[in-house]
Every structure is written in C-alpha cells, then in structure tokens.
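Engineer: Structure in structure tokens, see below.
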Amino acid sequence: MVGSTAGSMLRATWRRAALAATAVSRSRLTAPTRGLRLRVADHALHSAVPSEAVLRPLYMDVQATTPLDPRVLDAMLPYLVNYYGNPHSRTHAYGWESEAAMERARQQVATLIGADPREIIFTSGATESNNIAIKGVARFYRSRKKHVVTTQTEHKCVLDSCRSLEAEGFRVTYLPVQKSGIIDLKELEAAIQPDTSLVSVMTVNNEIGVKQPIAEIGRICSSRKVYFHTDAAQAVGKIPLDVNDMKIDLMSISGHKLYGPKGVGAIYIRRRPRVRVEALQSGGGQERGMRSGTVPTPLVVGLGAACELAQQEMEYDHKRISKLAERLIEKIMSSLPDVVMNGDPKQHYPGCINLSFAYVEGESLLMALKDVALSSGRFGIGRFTTEEEVDYTVEKCIHHVKRLREMSPLWEMVQDGIDLKSIKWTQH
C-alpha cells in the first residue's frame, strides 16, 4: 500500500513537471510508469534523455543517490520559475523573497540536527563540506597544531583531503577498524596527541552501513580539546542526530542522500565554543565568509524541504526500511548457504545491506543482475523501495548465486567434502 502510494505521488509530480514543460516547449510529455521489474522512461525532449524504448532496472542503490521526493520538487518549483531573485540582492523584493526562502531552509537543516541556523553553511555537497572541515580546520590552526586523526574506511574525499594535508607537512593518523567495521575507542584515545587539531570519523559507512559510536567519540574529543568532524552524508535524516548531545563540532551533509536535489549540501560549524576554518574559496564572502558564491535558492529550498520531511518521517521510514531489510536478509540467508553479512549486526543502519557470497565473485554477480541497479554486494533500501522490488531482487540474486556457484571449481570441491584450507596451492 505504501509502495503504491509513493508511486502515485511520484507519478503525480512528474505529470505536473511535464505539463509545465509542455507549455514552454509545445511538445507533449508522458508521465513515467513504474513497473515491478522495469522502469520505463519518458519520451525524451533531447536525445540525452532515455526514450520510451529504453527499459530500466529496479533501483536498489540508495547509498549512491536517492530519488528526489516529489514533495521536495513541489517546494523547489516556484524558485526555479517565478522567484528567481539573487538571495544576496538586498535592494529589492526579488532578493528578499529568495533570502527569506534560503533562511527558512537553513532553519530546517539546523532543526534536523539540533543546531542553531547560524551554524549551517550551504555548500555544493558533502565532498565540499568534507574539504572545508578537514583542510579548513587544519590550515587555520596550523601554527600550533599539525596533526589530524581519521580512519582507513572514510569516504575518498576525506582520505584525499588528508593526503593533501600530508603534502603540506601535516601528520595524519589513519586508524584501522575492527572486524565489525567499528573503530577501537582506545586506539583513538592513544592516537590523539598534544598537537592534534581534528578527528574525522564517518557516522554511517556508505559501503557496509556500520554506525560508529559518534557520541563516545565526541566525548573523547571534547575531553582532549580536539575538534570532532563527522561525515554524516549517509546518516542525516535516517537516524536521530544531535550535534550538542553528541559533541560534534563539524558535520557534513548531502542533499541527494536524503531525497533532496543533487548539487547541494551543508556543513555544520559550531559557534560556541567557536570553531574557526580557513575558507577554501575566494569571492563575495557569502555564507559568513566561509563559502563564497551565490547560494542556489531552488537547491537549498529543496535541501531544507528534504530535511523537514526526514524529521517528520524518520521513525516511520526506519521501521519500514528495517522490515524490508529483514525480509531481504532472511530470504537470502534461508535459501543460500555460506552467505556473510558484513559489518556489525547491531550497530548498523538497516537500509545498507552488504553481503558476501562465498565462491562467487562480486563483479560476476553484479553483471548477472542486469535488471537490478546495485553496487557489488551492497543492497540499498530506501523510502520508495517496495516489498515487490525486494522479493524480485532476492529471487534473482538466489538464482544467479546458485548458477555461478555451479560454475565454480572451488564450490564443486567443497561439495565433494574437500577442505580448501588443507590444499597446498602452488604458483605457476
């Protein structure tokens, strides 16, 4: 019922957008239809857009990006068409309208994470936010502090930012994670040095869905007078977060990971006690001088609307996604032997399921599941995922794992009772 309602909402909004485009282009657009096995794209205005003849797979990759919630699009449309003023224009109504919308969006983002709206800086996404947090803090305090701590399982933009700092003469400690995917808090404490300026640890891992003990990390950093940054792109709007309770000093947020638009994000930067960052971008000094450039009103309105919706529906979404995740795991585990779920089973976000299938190469399975869009070993379940989509994915996954195992000599040896550990392998 929920799946069909979500589908109806999507279709209704797409129809409205299509009708608006029709008035301008004089060409007729049909609303997309959403099927169980395949998604059929609209007839395209331009060749770059998929045509009706192109059949699309089911979408099970919400860690990569989420679909835009139709209600978010509704909030954005007026600022794409009628209210197009520059939010930094202070001399006329067009600017005032856009500025009011921008500040409302700032409040919506702040409310979701328990922050003050003055602590929210709009950016182009979590990658930019991570760069500002890591490079900005390290460079501002470099005269006294030259050390940063992070983990080996961070997003590439965090790791690359740290490598960039190393090239500038900073020292970086990359903490390993335990088998569960969670860091050892004792190792973190031992890694903090007198000249450590920042600790950066991701809230929810984008590959295996494991949740780090953010509140505990925040307490450790606070007690050692070290700033704590967390990349919360996969967590904001999905699990409860409070920057004050968790003692978070900087937080990165992404719009398109919580059913908002692409190309927009935010960074939370604590005001009391004040965290200082060196701006990466020169320009007009917008966003309190920390991120120059005209703020894109339609995108930040979309981010704000997405945050407000997430706050309203977080509990319901979490329960529904948990139920679908349990269904997927139970069906696969009960039908296939030698399947391992990666990451801590308890400290885990249910919408990100990472499974390893023994004797099957992840890339081979990915290639076989052509009518399901997912990443290797990772099944993403989101707000608009239906029970039917989960069942179809499970059915196809089981079928192809069995087929690929039948082709595997290692699987055949195991079935014959041969202990693979007892074999002395030789290289040629």
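The values are calculated or read from the model by the stated rules, or taken from the named source; none is laboratory data. Predicted model, so just to flag it, every value in this text is computed and none were measured. No Cβ is skipped: glycine too gets one built from the backbone with ideal geometry, and neighbour counts run over all protein chains shown. Note: areas computed on protein heavy atoms with side chains; ligands, DNA, RNA excluded. Shrake-Rupley method; radii C 1.70, N 1.55, O 1.52, S 1.80 Å.
Engineer: Rank-order 131-138, 143-150 by packing density, defined as the average count of other C-beta atoms within 10 Å over each peptide's residues, highest first. Write down the numbers at each step before the final one.
Structural biologist: Values: 131-138: 25.0, 143-150: 18.0.
Going by the mean number of other Cβ atoms within 10 Å, highest first, we get 131-138, 143-150.
Engineer: Further question on the same structure: Expressed in nm to one decimal, what extension gain is obtained for the pair L366 and E412 from 0.36 nm per residue of sequence separation less their Cα-Cα distance?
Structural biologist: Details: separation 46, 0.36 × 46 = 16.56 nm, distance 2.16 nm.
Net length gain for the segment: 14.4 nm.
Engineer: Now, a different point. Report the extension gain between R274 and K186 in nm, rounded to one decimal, defined as 0.36 nm multiplied by the number of residues separating them, less their alpha carbon distance.
Structural biologist: Details: separation 88, 0.36 × 88 = 31.68 nm, distance 2.72 nm.
Here the answer is 29.0 nm.
Engineer: Starting from the range 211-248, pick out the trypsin sites (Lys or Arg not before Pro) whose DSSP state is loop and whose Cβ has at most 11 other Cβ atoms within 10 Å. Don't skip to the answer; put the middle values down first.
Structural biologist: Values: sites: K211, R219, R224, K225, K238, K247; in loops: R224, K225, K238, K247.
Hits after loop and neighbour filter: K225.
Engineer: Could you sort 71-82, 277-288 so that the peptide with the highest average Cβ count within 10 Å comes first and the rest follow in order?
Structural biologist: Values: 71-82: 18.1, 277-288: 14.7.
Result, highest mean first: 71-82, 277-288.
Engineer: When the Cα centres of the range 216-295 and the range 169-215 are compared, how far apart do they sit, in Å?
Structural biologist: Cα centroid to Cα centroid, the span is 17 Å.
Engineer: OK, next. Out of all DSSP beta bridges with both ends in the chain, state the antiparallel percent to the nearest 5.
Structural biologist: Around 55 percent of the beta bridges assigned by DSSP in the chain are antiparallel ones.
Engineer: I'd like the Karplus ³J(HN,Hα) series for the range 164-175: coefficients 6.51, -1.76, 1.60, θ = phi - 60°, whole numbers in Hz, and an x wherever there's a Gly or Pro.
Structural biologist: 4, 5, 4, 5, 8, x, 6, 9, 10, 9, 9, 6
Engineer: Can you give the extra length, in nm with one decimal, that the chain gains between M314 and D419 once fully stretched, where that is 0.36 nm per residue apart less the Cα-Cα distance?
Structural biologist: On the way: separation 105, 0.36 × 105 = 37.80 nm, distance 4.70 nm.
Gain on stretching M314 to D419: 33.1 nm.
Engineer: Report for the range 70-309 the percent antiparallel among DSSP-assigned beta bridges with both residues inside it, nearest 5.
Structural biologist: Numbers: 10 of 25 bridges.
About 40 percent, rounded to the nearest 5.
Engineer: At 1.4 Å probe size, what's the solvent-accessible area of H92? Round to the nearest 10 Å².
Structural biologist: Probe radius 1.4 Å; accessible area of H92 about 70 Å².
Engineer: For M341, M314, give me the order by solvent-accessible area with a 1.4 Å probe, most accessible first, ignoring ligands, DNA and RNA. Intermediate values should be presented prior to the final figure.
Structural biologist: Values: M341 50, M314 25 Å².
So the residues, ranked largest to smallest area, are M341, M314.
Engineer: Using a Gaussian network for the chain with springs between C-alpha atoms less than 10 Å apart, which of these wobbles most: E187, E207, E326?
Structural biologist: Looking only at E187, E207, E326, the biggest GNM fluctuation is shown by E187.
Engineer: Convert each backbone phi in the range 371-387 into a coupling constant with the Karplus relation 6.51 cos²θ - 1.76 cosθ + 1.60 (shift: θ = phi - 60°), then list the ³J(HN,Hα) values in order as whole Hz, x for Gly and Pro.
Structural biologist: 9, 9, 8, 8, 9, 3, x, 10, 10, x, 10, x, 4, 9, 6, 9, 4
Engineer: Quick one: grab the alpha carbon gyration tensor of the range 133-289, order the square roots of its eigenvalues as a ≥ b ≥ c, and give me rounded if a/c is under 1.5, else prolate or oblate depending on whether a/b is larger than b/c.
Structural biologist: On the way: a/c = 1.39, a/b = 1.01, b/c = 1.38.
Judged from the Cα gyration tensor, the range 133-289 comes out rounded (a/c under 1.5).
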